[in-house]
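The values are calculated or read from the model by the stated rules, or taken from the named source; none is laboratory data. Treat the numbers as computed from the prediction; the structure is a model and nothing was measured. Using ideal geometry, Cβ is built from the backbone for each residue, glycine included, and neighbour counts are taken over all protein chains shown. Quick note on the areas: whole protein, heavy atoms, side chains included, nothing else; ligands and nucleic acids left out. Shrake-Rupley method; radii C 1.70, N 1.55, O 1.52, S 1.80 Å.
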Amino acid sequence: MPQLTYLDAIELAYSGAQVIHPKTIKPLQNKGIPLYVKPFLAPDHAGTLICGRIDTPIGVPILILKQRQVLISIRPKDFSFVLDESLPEIFSVFNQYRQKINLIQSSAVNLSLCVDDSRYLERVVDTLQTGFRVVYNKGMELLTVRGYDDASYRRFAGAEGVYLVQKTRRTMRVVRLAGSSGVSAVVAK
C-alpha cells in the first residue's frame, strides 16, 4: 500500500497488524509527522507512507487475521439489561486479569466479546459466572477487513462457521471457527 492515514494505521495495528504498535502513531499524528514504513530486507522498495491525508483511497480491502480467539457471551442471570449496570463490573473482571478485549457487541440482555485465548480465561469465566450466565467458544479467529466492499462482505460474512459479524462504514469484523472440527460451546455453570 503506497499510503495509509494515521486512522487506518491505528485501526490496522489495533486489529492485529504487527508492523507498528498503535500507540506509536498518536504522537506522530499530533505533530503531523509522516511515517515511512519500508521492508527491512528490501529498503530500496517504496514502502508505505502514513500521514494525515492520502492522495487516493485504498483500492483493495486489507485483511488482518487474529488467531487463538475466544468468543464469550455474557448474560445476567435475572434477565436485567446488560448495559444498565453490568458493564463496569464485567470490564473490571477483564481488566483485573489483563484480558484484552478485541471486539464488543451488545444487545439488550447479552454482551458478546472476542478475546485472546489466554491462561487467564478460566479465571475470568469463573469470576463472571457468579453473577452471569457465561457461554464461550474456543478455537475461533477474528478477521478484520478494513475497506471492505460488497464482494468481500458476501465472501466473509456469508461463509460457513461464522458466529458473529460486525461492520461499520469502513471496517468489517468476523468471528469465525478456526477449523471445521473439534470446537463446541462451553457453558459455565
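Selection over segment 21-39 of residues that are crowded, with 17+ Cβ neighbours inside 10 Å and either of a type in the set (S, T, N, Q) or assigned to a loop (DSSP other than H, G, I, E, B) (or both) gives a count of 1. Here I90 fits the description: touching a residue at least 24 places away in the same chain (Cβ under 8 Å), surrounded by 14 or more Cβ atoms within 10 Å (Cβ to Cβ) and either among the hydrophobic types (A, V, I, L, M, F, W, C) or touching a helix residue (DSSP H, G or I) at 6+ places or on another chain (Cβ under 8 Å) (or both). When you look at N30, is it within 29 Å of E141 (Cβ to Cβ), at pLDDT 90 or above and of a type outside the set (F, W, Y), yes or no? Against the criterion (within 29 Å of E141 (Cβ to Cβ), at pLDDT 90 or above and of a type outside the set (F, W, Y)), N30 does not qualify.
Within segment 1-20, if we keep just the residues that are under 19 Å from F40 (Cα atoms) and under 13 Å from the mean Cα position of the chain (by Cα), the residue that is least open to solvent (accessible area, probe 1.4 Å) turns out to be A13.
Here's a check for you: in segment 73-89, which residue that is touching a strand residue (DSSP E or B) at 6+ places or on another chain (Cβ under 8 Å) and not in a helix (DSSP H, G or I) is farthest from P22 (Cα to Cα)? Among residues in segment 73-89 that are touching a strand residue (DSSP E or B) at 6+ places or on another chain (Cβ under 8 Å) and not in a helix (DSSP H, G or I), the one farthest from P22 (Cα to Cα) is K77. The residue pairs whose first member lies in segment 124-135 and is over 10 Å from I72 (Cβ atoms) and among the aromatic types (F, W, Y), whose second member is open to solvent by 10 Å² or more (accessible area, probe 1.4 Å) and at pLDDT below 95, and whose beta carbons are closer than 6 Å, counting only pairs six or more residues apart or on different chains, do not exist in this structure. Scanning segment 40-83 for residues that are charged (D, E, K, R), over 27 Å from M172 (Cα atoms) and loosely packed, with under 10 Cβ neighbours inside 10 Å returns D44, D78. Assess whether S92 counts as being over 17 Å from V175 (Cα atoms), part of a loop (DSSP other than H, G, I, E, B) and not β-branched (V, I, T). For S92, the condition - over 17 Å from V175 (Cα atoms), part of a loop (DSSP other than H, G, I, E, B) and not β-branched (V, I, T) - is not met. Any idea how many residues of segment 50-72 are within 29 Å of K100 (Cα to Cα) and either assigned to a loop (DSSP other than H, G, I, E, B) or of a type in the set (A, V, I, L, M) (or both)? Matching residues across segment 50-72 total 12.
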